[in-house]
Amino acid sequence: MLRKTVLSLAAFGAVAGAVLGGAGIASASPAASGASGILDSGINFSEPQGSQGIGGNGGECVTVNIPATGSLQSFGGTMTLWTGADCKTGDAAVLTDSVADIPATFGAGFAHVQSIFIGDNAPAKPPVAGASAIIDSGKNFSEPQGSQGINGNVGDKVNINIPATGSIQFVSGTLTLYTGPNLTGKSLVVTHDVADLAALGFGQVQSVLIGAAA
């Protein structure tokens with residue numbers, strides 16, 4: 001069954017110069033409607049089985065040649081990850097920014113992405129009420145150790161990959177924060193900005209449920 005997962009994170013800065021990797025080419029300045037990045041075989045942008053540069057204009061299909069896919073460094077643009085080899089079969093996940101752990105974010109099937117479509121060609125999902133926010137590593141919405149966008153439909157689970165969590169900037173909806181991975185530990189339902197999560201006992205959020213926990 002096809003499914004579409006959309007990840008919309010805070011924009012990263014442009015990276016100057018061209019980057020070569022594996023069998024592809026990643027351009028730091030994607031053309032209009034294009035995209036570029038580096039696909040790494042390990043999570044957290046590591047390369048235990050190599051990496052591959054990804055780049056192209058909108059509508060192109062890029063074959064993935066590395067044996068495993070753990071993370072992707074995005075230089076800009078929109079890409080659709082496909083577990084099938086032809087950019088139209090298998091499961092699809094749309095991303096617009098860097099992802100430190102592809103399998104944890106999109107599911108175990110994405111541990112081996114076989115093709116990437118430049119642009120968004122994933123099948124549409126019926127609209128479901130969801131939520132979006134940005135969780136920051138420092139309090140008062142600062143980012144000493146980075147930040148992570150949170151976005152999804154009600155019932156979706158998001159694992160937090162940044163090493164510390166200090167505050168959360170809300171965009172819409174309701175989220176349930178958990179101190180443990182995979183929706184375990186202490187929980188807190190939030191619907192608005194929180195400038196100091198540690199003051200509420202949530203100095204390290206490890207997972208988030210989109211919506212309010214039952």
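The values are calculated or read from the model by the stated rules, or taken from the named source; none is laboratory data. Just so you know, these numbers come straight off a predicted model, no measurement behind them. Positions of Cβ are backbone-derived with ideal geometry, glycine not excepted, and every protein chain shown enters the neighbour counts. Please note that ligands, DNA and RNA were not included when accessible areas were found on the heavy atoms of the full protein model with its side chains. Shrake-Rupley method; radii C 1.70, N 1.55, O 1.52, S 1.80 Å.
Quick notes on this structure:
- In the set (1) surrounded by fewer than 16 Cβ atoms within 10 Å (Cβ to Cβ); (2) closer than 23 Å to Met79 by Cβ, Gln145 fails one condition alone, (2).
- Within the stretch 72-109, the residues that satisfy the criterion of being surrounded by fewer than 23 Cβ atoms within 10 Å (Cβ to Cβ) and in contact with a helix residue (DSSP H, G or I) (Cβ under 9 Å, 6 or more places away or on another chain) are Gln73, Thr83, Gly90, Asp91, Ser98, Ala100, Asp101, Pro103, Ala104, Gly109.
- Meets criteria (farther than 27 Å from Asn182 by Cβ and of a type outside the set (S, T, N, Q)) for Gly109: no
- Where strands (runs of 3 or more DSSP E) fall wholly inside the stretch 84-155, the ranges with 3 or more residues that are farther than 19 Å from Ile168 by Cβ and at pLDDT 90 or above are 115-118.
- Among the residues here, Gly166 qualifies as crowded, with 16+ Cβ neighbours inside 10 Å and over 23 Å from Gly42 (Cα atoms).
- Evaluated against (1) open to solvent by 30 Å² or more (accessible area, probe 1.4 Å); (2) in contact with a strand residue (DSSP E or B) (Cβ under 6 Å, 6 or more places away or on another chain), Ile116 falls short on exactly one condition, (1).
- Tallying residues that are open to solvent by 20 Å² or more (accessible area, probe 1.4 Å) and free of Cβ contacts under 8 Å to residues at least 40 places away in the same chain within the stretch 33-50 yields 6.
- Residue under evaluation His192, criteria (1) open to solvent by 40 Å² or more (accessible area, probe 1.4 Å); (2) in contact (Cβ under 8 Å) with a residue 24 or more places away in the chain, criterion not met: (2)
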